[in-house]
Amino acid sequence: QVQLVESGGGLVQAGGSLRLSCAASGSMYSINVMGWYRQAPGMQRELVAIITSGGSTNYTDSAKDRFTISRDNAKNTVYLQMSSLKPEDTAVYYCNALLKRYFWSDLRDYWGQGTQVTVSS
């Protein structure tokens with residue numbers, strides 16, 4: 001069983017900062033990609049940022065220059081440092097991992113339960 005557990009969400013004023021963490025646990029052979037997605041009320045889930053095991057990153061345009069994704073491979077943990085937060089960043093943020101449970105397994109997506117981020121104006 002693989003679990004992704006997020007932490008660090010909350011309520012912050014516009015212009016403030018938050019740091020999200022997501023730790024993956026369980027039986028895993030390798031984690032190829034870890035990332036953060038978000039879903040606002042009435043909207044589809046969207047990519048925020050992803051990072052590969054080698055450290056390559058990709059961001060959605062709205063997150064560039066404000067958010068930083070990082071990863072600790074030894075701890076199977078991914079972080080999202082969010083700065084200059086805006087009310088439109090309000091959403092449930094989900095952690096995602098694309099991983100192989102065993103060396104013979106196919107790659108498969110796993111999701112955390114989500115953490116609420118609310119930015120007040």
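Scan the range 33-54 residue by residue and report those that are under 12 Å from Asn76 (Cβ atoms) and among the polar types (S, T, N, Q). Even if it seems obvious, please write down each step before you answer.
Pass one, the range 33-54, residues under 12 Å from Asn76 (Cβ atoms): 34, 53.
If the condition is that a residue be under 12 Å from Asn76 (Cβ atoms) and among the polar types (S, T, N, Q), then Ser53 is the only one that fits.
Would you please name the residue that is farthest from the chain's Cα centre (by Cα), looking only at residues in the range 41-97 that are buried (at least 20 other Cβ atoms within 10 Å of the Cβ) and among the charged types (D, E, K, R)?
Asp89
In the range 80-101, which residues are farther than 13 Å from Thr115 by Cα and not acidic (Asp, Glu)?
Across the range 80-101, the qualifying residues are Gln81, Met82, Ser83, Ser84, Leu85, Lys86, Pro87, Ala97, Leu98, Leu99, Lys100, Arg101.
Does the range 37-52 contain any residue that is in contact with a Cys (Cβ under 9 Å, 6 or more places away or on another chain) and free of Cβ contacts under 8 Å to residues at least 60 places away in the same chain?
For the range 37-52, residues in contact with a Cys (Cβ under 9 Å, 6 or more places away or on another chain) and free of Cβ contacts under 8 Å to residues at least 60 places away in the same chain: present.
Listed here are the residues, each with its yes/no results for (1) touching a Gly at 6+ places or on another chain (Cβ under 7 Å); (2) modelled with pLDDT under 95.
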position	(1), (2)
Gln3	yes, no
Leu18	yes, no
Cys22	yes, no
Gly26	no, no
Ile31	no, no
Ala49	yes, no
Thr52	no, no
Ser56	no, no
Lys64	no, yes
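From Asp65, Asp106, Asp89, Asp72, which residue is of a type in the set (Asp, Glu) and within 17 Å of Gln1 (Cα to Cα)? Break it down into steps so the answer makes sense when it comes.
Values: Asp65 fails: within 17 Å of Gln1 (Cα to Cα); Asp89 fails: within 17 Å of Gln1 (Cα to Cα); Asp72 fails: within 17 Å of Gln1 (Cα to Cα).
Step by step, each of Asp65, Asp106, Asp89, Asp72 is checked, and only Asp106 is of a type in the set (Asp, Glu) and within 17 Å of Gln1 (Cα to Cα).
Out of everything in the range 98-121 that is in a loop (DSSP other than H, G, I, E, B) and among the polar types (S, T, N, Q), what residue ends up being most open to solvent (accessible area, probe 1.4 Å)?
It comes out as Ser121.
The values are calculated or read from the model by the stated rules, or taken from the named source; none is laboratory data. This one's a predicted model, so the numbers in the text were calculated from it and none came from an experiment. FYI the Cβ positions are ideal-geometry reconstructions off the backbone, even for glycines, and counts take in every protein chain you see. Heads up: the accessible areas ignore ligands, DNA and RNA and are worked out on the full protein's heavy atoms, side chains in. Shrake-Rupley method; radii C 1.70, N 1.55, O 1.52, S 1.80 Å.
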